[in-house]
Amino acid sequence: MNKTQYLYAAYVVTWVVHIAYLGYLARKAARVRREVEDLKR
Amino acid sequence: MKTAFIVFSLIVFALLTNGLYQALVAAPTEATMGDVQRIFYYHVPSAWTAFLCFIANFVASIIYLAKRNQKLDAFAFASAEVGVVFCTVVLLTGPIWARPVWGIWWTWDARLTSTLVLWLIYVSYLVLRRYATGGQTATIAAALAVFGFIDVVFVYMAIRWFRTQHPQPVVGGGQGSGLHPAMLHALLMNFLAFAMYAGLLLWLRYKLERTSHLVEEAHAARAIAGDAR
Amino acid sequence: MLFFALLVVVIFSFSFEPTSEEAQRISGGLMWVAFLFAAVVALNQTWARELRNQVLDAYRVSPAPGWSLFLAKTIGNFLFVMVLECLMAPLFVVFYNLRSVGPESMLALSAVLGTWALVVNGTFFAAMSLRTRAREIMLPLLLFPISIPALLAMVSATTATLTGDSSPTLALEFLAVYDLVFTIVCLLLFDTVLHAE
């Protein structure tokens, strides 16, 4: 693996982590929204 | 509220994009390390952002222990989580940078090792949060946060004095010291971008936690009221 | 407990077969890891006994300040772990043919300071873990990261004394400060954890 590939790997890894976290937040938000709907009924 | 959020998100997105441009294009190529050095513009700002989050967690936890305000607890939880996310980035980008530059994945350099222990401490905080039962999770977690933060000082010193026996490669050659102005600019722009992004994440996570709290309280209130419908 | 301690020493001896020179250098680390595991097993029990007969509730309503309960528990645990170490250390000496270049008093001092560091935080985290699921794993999970600086220092002090390569004074002073700071923090925060229900 040449040097520049490491550079891109690092940037890609960074965004993978951030996108994974956003995904986790989205799922949590959906679950909480469902609970709020349940309560409203 | 919604509009403020959308506007803020757009600003953050613009800052991040600008940061990316600064890091990959605008900043000059480093003499000895070459393009790989550009990882620096993501690695270091992420570290600073993580530290900011952990400081926020410490302050929120201490005030929580004094005031017992649930909002502070939600904020503490959020800041620890976001801090761990950024700390993870630091620990992943560090070795990816080290490998091509020094031929090793890891070194017991004081900074990198302290970051690892920091990560361990706050992950243990998150695990405690997840596995604690009963209404006083917030208090126990806040106590742990105080321990963790105080420990950080000891961690750094301990690693400097008792681990770094062999000459170690210094990560980054010292931030800001003797840094080319265009590089400093790229570094600071990315720090601003990531710090703002962390703020955005904090906001989202905090709101989520608060809503969760309120849902729980509503459930409890209903149970007490005996569901008189 | 005692047999467990013996087992730990034996397992380590089987796993690591260093030359006598290497042994002097790594046995400090090995010993402390062994002590750490033994301490965790001991600490896990420390509050469980109180829970069984609602003794903990009795403590809560008693007029005695929380910190005195904590101190009593910690000292008890400390003595217990020290006894374990007094049994395990000679075994290590035998299995690894250790000789100490530096004064033995330094070894004793690092044992005392190091054990206190593990036990004071361990007793506190054990109390914290009471109200969690997976209680047994929660204690080491919380204790290990926080103890890392102390561990580095105690291993450094022990190794320095055994090999005579350097002076253990810095490590011992570091441990003393660590012990002081965390003992104070534990004493201040224990009431909070005790009454968390």
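General remarks:
- Filter result for the condition that a residue is more than 10 Å from chain B (Cβ to nearest Cβ), surrounded by fewer than 20 Cβ atoms within 10 Å (Cβ to Cβ), under 27 Å from C:Ala58 (Cα atoms) and not β-branched (Val, Ile, Thr), over C:Leu109, C:Leu98, C:Leu187, C:Leu180: C:Leu187
- Meets criteria (within 30 Å of B:Glu217 (Cα to Cα) and at the interface with chain B (Cβ under 7 Å from one of its Cβ atoms)) for A:Tyr6: no
- Conditions (1) at the interface with chain B (Cβ under 10 Å from one of its Cβ atoms); (2) at pLDDT 85 or above; (3) more than 19 Å from the chain's Cα centre (by Cα): number failed by C:Thr169: (1)
- For first residues located in segment B:39-50 and of a type in the set (Phe, Trp, Tyr), partners that are assigned to a helix (DSSP H, G or I) and lie 6+ apart or on another chain with Cβ distances below 6 Å form the pairs B:Phe40/B:Gly172; B:Tyr41/B:Ala23; B:Tyr41/B:Ala186; B:Tyr41/B:Leu187; B:Tyr41/B:Asn190; B:Tyr42/A:Thr14; B:Tyr42/B:Thr93; B:Trp48/B:Phe191.
- For segment C:1-29, a residue qualifies if it is in a helix (DSSP H, G or I) and of a type in the set (Ser, Thr, Tyr), and the qualifying residues are C:Ser13, C:Ser15, C:Ser20, C:Ser27.
- Segment B:1-115 holds helices (runs of 4 or more DSSP H) entirely within its bounds, and those carrying 1 or more residues that are under 30 Å from B:Phe162 (Cα atoms) and out of contact with any Leu (no Cβ under 6 Å at 6 or more places or on another chain) map to B:40-67, B:70-102.
- Count - residues of segment B:21-72 that are closer than 19 Å to B:Thr88 by Cα, within 11 Å of chain A (Cβ to nearest Cβ) and among the hydrophobic types (A, V, I, L, M, F, W, C): 2
- Selection from segment A:19-37 of residues that are under 20 Å from B:Leu200 (Cβ atoms) and either within 7 Å of another protein chain (Cβ to nearest Cβ) or among the polar types (S, T, N, Q) (or both): A:Tyr21, A:Leu25, A:Lys28, A:Ala29, A:Val32
- Taking segment B:121-145 as the range and being assigned to a helix (DSSP H, G or I), crowded, with 19+ Cβ neighbours inside 10 Å and within 7 Å of chain C (Cβ to nearest Cβ) as the test, the residues that pass are B:Ile121, B:Ser124, B:Leu128, B:Thr139, B:Ile140, B:Ala143, B:Leu144.
- Among the conditions (1) within 8 Å of chain B (Cβ to nearest Cβ); (2) touching a Ser or Thr at 6+ places or on another chain (Cβ under 9 Å); (3) closer than 17 Å to C:Leu187 by Cα, the only one that C:Ala127 does not satisfy is (1).
- Filter result (small (Gly, Ala, Ser) and either closer than 21 Å to B:Leu118 by Cβ or crowded, with 21+ Cβ neighbours inside 10 Å (or both)) within segment C:133-177: C:Ser147, C:Ala150, C:Ala153, C:Ser156, C:Ala157, C:Ala160, C:Ala171
The values are calculated or read from the model by the stated rules, or taken from the named source; none is laboratory data. None of the values given here were measured: they were computed from a predicted structure. Cβ atoms come from the backbone with ideal geometry, glycine included; neighbour counts cover every protein chain shown.
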